[in-house]
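To start, the structure itself, in structure tokens.
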Amino acid sequence: MISDAPYQCASCVSPVSLELEQINNLTNGILKEFTIENLLSYLIKLGQNVEIMVTNQQEDKSQPKINVVYQKIA
């Protein structure tokens, strides 16, 4: 999402208060230094809506899982 944004990487440091190295880690999927709360707040600061949906486990008793979906609305 950061790479899709209409601004250069140097300017994206300001809205989310991150160092350039942290932004590089985010864009490369290295998330170990970030909390869930911080990641969600970054999305809000970047103008994104965040929706969390909890559902019952499927009837086939498959392993519970987490799905993350990014929906780009035109």
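The values are calculated or read from the model by the stated rules, or taken from the named source; none is laboratory data. Since the structure is predicted, the reported quantities are computational estimates derived from the model, not experimental observations. No Cβ is skipped: glycine too gets one built from the backbone with ideal geometry, and neighbour counts run over all protein chains shown.
Report whether or not Ile44 is among the β-branched types (Val, Ile, Thr), within 22 Å of Ser17 (Cα to Cα) and surrounded by 10 or more Cβ atoms within 10 Å (Cβ to Cβ). Explain how you work it out, then say what you get.
Numbers: among the β-branched types (Val, Ile, Thr): yes; within 22 Å of Ser17 (Cα to Cα): yes; surrounded by 10 or more Cβ atoms within 10 Å (Cβ to Cβ): yes.
Yes.
For a quick check of your reading of the model, give me the residue pairs whose first member lies in region 48-68 and is surrounded by fewer than 10 Cβ atoms within 10 Å (Cβ to Cβ), whose second is part of a loop (DSSP other than H, G, I, E, B), with beta-carbon atoms closer than 7 Å and at least 6 apart or on different chains.
Pro64/Gln57
Scanning region 13-27 for residues that are assigned to a helix (DSSP H, G or I) and either within 17 Å of Leu40 (Cβ to Cβ) or touching a His at 6+ places or on another chain (Cβ under 9 Å) (or both), which turns out modelled with the lowest pLDDT? Show your work before the answer.
Step one: filter region 13-27 for residues assigned to a helix (DSSP H, G or I), giving 13-16, 20-27.
Adding the requirement that they be either within 17 Å of Leu40 (Cβ to Cβ) or touching a His at 6+ places or on another chain (Cβ under 9 Å) (or both) leaves 15-16, 22-23, 25-26.
Details: Pro15: 73, Val16: 77, Gln22: 89, Ile23: 87, Asn25: 92, Leu26: 89.
Across region 13-27, the extreme among qualifying residues is Pro15.
Pick from Glu51, Glu37: which is out of contact with any strand residue (DSSP E or B) (no Cβ under 7 Å at 6 or more places or on another chain) and at pLDDT 90 or above? Show your work before the answer.
On the way: Glu51 fails: at pLDDT 90 or above.
Checking each option against the conditions leaves just Glu37.
Conditions first: (1) of a type in the set (A, V, I, L, M); (2) surrounded by 10 or more Cβ atoms within 10 Å (Cβ to Cβ); (3) in a loop (DSSP other than H, G, I, E, B); (4) at pLDDT below 85. Ile30 passes all but one, so which condition is the exception?
(4)
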